[in-house]
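The values are calculated or read from the model by the stated rules, or taken from the named source; none is laboratory data. Everything numeric here is computed off the predicted structure, so don't read it as measured data. Every residue, glycine as well, gets a Cβ built from its backbone with ideal geometry; the counts of neighbours run over all protein chains shown. Just so you know, the surface numbers come from the protein's heavy atoms only, side chains and all, with ligands and any DNA or RNA stripped out. Shrake-Rupley method; radii C 1.70, N 1.55, O 1.52, S 1.80 Å.
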Amino acid sequence: MKKTFQVKTSKHSQMIDITNELETWIREENVDEGILVVSSMHTTAGITVNENADPDVKTDFLMRLDEVFPWEHPKDKHAEGNTASHLKTSTVGHAQTLIISNGKLELGIWQGVYFCEFDGPRSRKYIGKIVRG
Amino acid sequence: MKKTFQVKTSKHSQMIDITNELETWIREENVDEGILVVSSMHTTAGITVNENADPDVKTDFLMRLDEVFPWEHPKDKHAEGNTASHLKTSTVGHAQTLIISNGKLELGIWQGVYFCEFDGPRSRKYIGKIVRG
Amino acid sequence: MKKTFQVKTSKHSQMIDITNELETWIREENVDEGILVVSSMHTTAGITVNENADPDVKTDFLMRLDEVFPWEHPKDKHAEGNTASHLKTSTVGHAQTLIISNGKLELGIWQGVYFCEFDGPRSRKYIGKIVRG
């Protein structure tokens, strides 16, 4: 089964916790065991799993990524000017594969699933796909 | 089902669009719904999903990665001298998991699947694995 | 089927080859074909696939990652002080999806699966999930 999710980002760089959306869907589908592939439909926004507790981790995370892949770069050729966001997306990954167990995502206590906006604000889409098993 | 793909790279660093090869295979196998794991068989070449339109994105992408992981590094110990390509491979990922829907890869309009050569030119191999569901 | 694995790391940064543990489990479960998702249960430790031969690759790998994401950073806000390890985890990935073929992991000759400690030493956990197909 497959589902399309919409998300509206409000900042240029932003990590949005989508764990609840995914777990709600797993419950609706009555899936006990399997895997869930969650995939951004964009090349300037990705998906990652990281800390769900201290919000400063997200702030630091985006600041550090921006330092490694600065927005302005004298050698960039891509006319749209958002090369950095393409790099960040492939670094965290456009998608993640998650384990479903006992009707929930198999995550550590501090792990959350994040939609990562790297060139917002925009209206974005991501797809969830569940394979039972 | 599983398939081995061959690719001959022609440059030291190169992103080769393999979306068509994968979708042709999906059609040959008559798979409507499922997931496809595509995995590089190498530690100096990976797989990523990124922009399929402006070729300058690829140029910028490889230039930026090279800046973050420079080929020459005074502290590298690996005698083969290609430490940077190992880092780049784990950064983009040696493999990606893709969603199959209605007999096609579920990708955004600008997304393509790329084999990423980081220590070429070489003869390379990647494996596709489809799980229906 | 699912299995929880324990690993005790002994250094602050460390790559531990877990290929054998995973393949032993695949044999115990008599799985011939399918995929295996292996997922760290932590936000400061990940999973990657990289070189299993020269141990200097691991040394260089961790040194290079440390250079890109230095432990000390004047702008970090996260009070725990381990922001760098969160970045490294999302860069290599908290999890990897591997192909199972003929009862073994479908890996290239130089590829091994690594649990990556980025904030040890600690007692860590990772989960394996097999989907046949």
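Structure data summary
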read-out	value
Using θ = phi - 60° and Karplus 6.51 cos²θ - 1.76 cosθ + 1.60, couplings along segment C:67-81 (whole Hz; Gly, Pro as x)	6, 6, 10, x, 4, 8, 8, x, 9, 4, 9, 4, 5, 5, x
Interface residues, segment C:10-41 - accessible area loss of 20 Å² or more versus chain alone, probe 1.4 Å	C:I35, C:V37, C:M41
For q = 0.16 Å⁻¹, Debye-computed log10 I/I(0) when each Cα of segment C:56-133 counts as one equal scatterer	-0.77
Pair B:S123, A:M63: separation of 7 Å Cα→Cβ label points (nm)	5.1 nm
Helix-only [θ]222 nm of chain B, DSSP H runs n ≥ 4, -39500 (n - 2.57) each, per residue, nearest 500	-7500 deg cm²/dmol
Euclidean distance between Cα centres, segment A:67-100 to segment B:78-133, Å	16 Å
For the C-to-B rotation axis, chain C residue with nearest beta carbon and its distance in angstrom	C:T97, 3
DSSP-assigned coil residues among trypsin sites (Lys or Arg not before Pro) in segment A:37-86, each with at most 15 further Cβ atoms within 10 Å	A:K75, A:K77
Inter-copy spacing of B:K77 label points, which lie 7 Å from Cα along Cα→Cβ, given in nm from shortest upward	3.8, 3.8
Cα long-axis angle, helix C:19-28 against chain C (0 to 90 degrees, to the nearest 10)	30 degrees
Karplus 3J(HN,Hα) series, Hz, for segment B:47-56 with 6.51 cos²θ - 1.76 cosθ + 1.60 (x for Gly, Pro)	10, 9, 10, 7, 4, 9, 9, 6, x, 5
Listed residues C:V38, C:V68, C:V92, most fluctuating in chain C (Gaussian network, C-alpha, under 10 Å)	C:V68
All lysines inside 17 Å of B:K3 as judged from Cα atoms, apart from same-chain residues fewer than 8 positions distant	B:K104, B:K125, B:K129, C:K104
Reference-scaled alpha-carbon Rg (2.2 N^0.38 Å with N residues) for the protein assembly as shown	0.90
Heavy-atom accessible surface that C and B bury in contact, both chains counted, 1.4 Å, Å² to 100	2600 Å²
Spin-label model distance (nm) - C:I109 vs C:N20, 7 Å beyond Cα toward Cβ	2.2 nm
Relative contact order of chain C, pairs being alpha-carbon contacts under 8 Å that are 6 or more residues apart, as %	54 percent
Carbon/sulfur fraction of accessible area - the protein assembly as shown, other protein chains in place, 1.4 Å, %	47 percent
Theoretical FRET efficiency, 1/(1+(r/R0)^6), r = Cβ-Cβ of A:D56 and A:S10, R0 25 Å, to 0.05	0.85
Charge tally in the Cβ shell below 12 Å around C:D17, where Lys, Arg are +1 and Asp, Glu are -1, C:D17 excluded	-2
Other copies of B:M1: label-to-label distances in nm, shortest first, labels 7 Å along the beta-carbon direction	2.7, 2.7
Copy-to-copy label separations for B:D32, where each label sits 7 Å from Cα toward Cβ, in nm and ascending	2.6, 2.6
Heavy-atom surface of segment C:2-132, accessible at 1.4 Å and reported per residue (Å²)	38 Å²
